[in-house]
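What follows is one structure encoded as structure tokens, with my remarks underneath.
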Amino acid sequence: MLKQTQSQRLVQKVLPQIIQKQSLLAIPTIALEQMVRLELEQNPFLEETDIDLNQTEEETEKAENDDYESESDARKEEASKEDEYNWDDYMNTENEGYKAPSGSEENEINYENLWKTPLSKNDYLLSQLYLLSLEEKHVTIGEAIISSLDGDGYFRVNTDDFINDVIKQFENAEQSGISITSEEVEEVLKEIQKFDPPGIAARNLQECLIIQLDAKPIDSNLKSGAINIIQNHFEEFRLKNYEKLASELNINIEYLNVILDEILKLNPKPSSAIEDSSMADYIHPDLIVTKENDEYKVELNDRNMPSLKINSAYRKLITEKEKNLDKNTKDFIFNNFERAKWFLQAINSRRETMLKVMNSILKYQRDFFDKLGEGLKPLYEKDVAEDISMDISTVSRTVRGKYVQSDFGIYELRSFFSHSMKNDEGQDISNIEIKNKLKEIIDAEDAQKPLTDEQLVLEMQKHGFKLARRTVAKYREMLKIPKARLRRKLQN
């Protein structure tokens, strides 16, 4: 039995305009420039202007509000004349003024991921495979080898199991009766091992290093000596038994050191070279801090970003009363107008938030800027959030992946935040300062007799830092510094 009921409930929804503001806030400025140009292409209500938005922001906002009020009045007047198209219903939807055009969800832009377009390891290697003049069967074998590489770029698959898997691929493609030999797999594997980066598709670490050495344009005697160490004396090399290694090779310590320097330049994880090259981003500072007399000035580094405004020609369509527009046309007009308006507001909101966060950081870390990169104080994101009356998540999005340029270098905004601990004098010291001191001590150690973690504890205590051995080990690992045994070097 059908019946009508009326109920009241409280729900929490994230409005599309809020999502848009948060997405734009999380991305760096150089990516925002790309998104602004993309939005310019897609939305006819936006146009580029030569006006400096930094100087006319209040005037622009006032003009937009005045236009919007007049446009709202026009909508209400037209709504009274056209019962079939109620503008009040349109303006009071759940989206509160922003409604995606019909069918636009498929083309919706993911702003936060638009600037991240890494080239996958497989695509990079397959592009090299397809340039070879191989028969179809060998191409299929090559594709299977590439897809079987592990995260470090090694081919650690049993050959018999691999052949069975490839044969199944042929059978699934209705090419039964195909035979594959281990020699054919070996032949294709050797071809792939010639690909960039050197060392890819090796079956173990030794083979990986030897492949890289073969490809290096170095002295033949030096190359043969390095390959000899990897092939026949790998255990002594791994354990850093350098004196025994020099004795077995019948060479002096000085020449052994030259050989080891070449080996240590090799990459034990070849696939990381692909990931590093495809994911590497040139650092483009989002903010610039300059000092004028005794005061610091913070500005956004957005000089290359187009200045936007609402297109005046399309704006007139909203208040046009003489035109008899159909419902689809009105939907298109108002949807794009609202989208343009919210996009401009999101950009302005992003600018204001970034400036507020950076000015707050500057207030807390004034000594760091005065002392040209020294004296960093402990600082939490919640401190900045409370200072500028914003949520911690907003501060976190603002500092993520953003950089500031100063007179003495470029720094990531996240680097200004750190936990603290007390020194012997009872002062709060940033854990970043502690890491820097630890690295300084390790850099100054005797390379032949590197300091153990226990000895590092004693050295840190001499500088006023009371740390447990496990804390020193944790900071050392965070700095990507190996243990004492693996830091040992030969003296020339």
Among the numbered criteria (1) of a type outside the set (A, V, I, L, M, F, W, C); (2) in a helix (DSSP H, G or I); (3) under 30 Å from Ala144 (Cβ atoms), which single criterion is violated by Arg203?
-> (2)
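Consider Tyr255 carefully, then state whether it is surrounded by 14 or more Cβ atoms within 10 Å (Cβ to Cβ) and in contact with a Gly (Cβ under 9 Å, 6 or more places away or on another chain).
Working: surrounded by 14 or more Cβ atoms within 10 Å (Cβ to Cβ): yes; in contact with a Gly (Cβ under 9 Å, 6 or more places away or on another chain): yes.
Yes: the conditions hold for Tyr255.
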Count, please, the residues in the range 151-170 that happen to be acidic (Asp, Glu), over 14 Å from Glu183 (Cα atoms) and without any contact (Cβ under 8 Å) to a residue 40 or more places away in the chain.
-> 2
Within the group Glu262, Glu248, which residue is more than 40 Å from the chain's Cα centre (by Cα) and charged (D, E, K, R)?
-> Glu248
Go through the range 295-316 and give me each residue that's more than 15 Å from Lys341 (Cα to Cα) and part of a strand (DSSP E or B).
-> Glu295, Tyr296, Lys297, Val298, Glu299, Leu300
Only one of (1) surrounded by 17 or more Cβ atoms within 10 Å (Cβ to Cβ); (2) at pLDDT 85 or above does not apply to Tyr111, and that is (2)
Which condition number does Arg366 fail, the rest of (1) over 26 Å from the mean Cα position of the chain (by Cα); (2) under 30 Å from Glu243 (Cα atoms); (3) of a type in the set (D, E, K, R); (4) at pLDDT 85 or above being met?
-> (2)
Picking from Glu243, Glu262, which residue would you name as being closer than 29 Å to Arg487 by Cα, at pLDDT 85 or above, assigned by TED's automatic domain parsing to the domain that holds Cys208 and not polar (S, T, N, Q)?
-> Glu262
Which is touching a strand residue (DSSP E or B) at 6+ places or on another chain (Cβ under 7 Å) and over 19 Å from Ala26 (Cα atoms), of Leu362, Leu355, Leu413, Leu372?
-> Leu362
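The values are calculated or read from the model by the stated rules, or taken from the named source; none is laboratory data. All values derive from a computational prediction rather than experimental measurement. For neighbour counting, all protein chains shown are included, and Cβ atoms are generated from backbone atoms with ideal geometry for every residue, glycine included.
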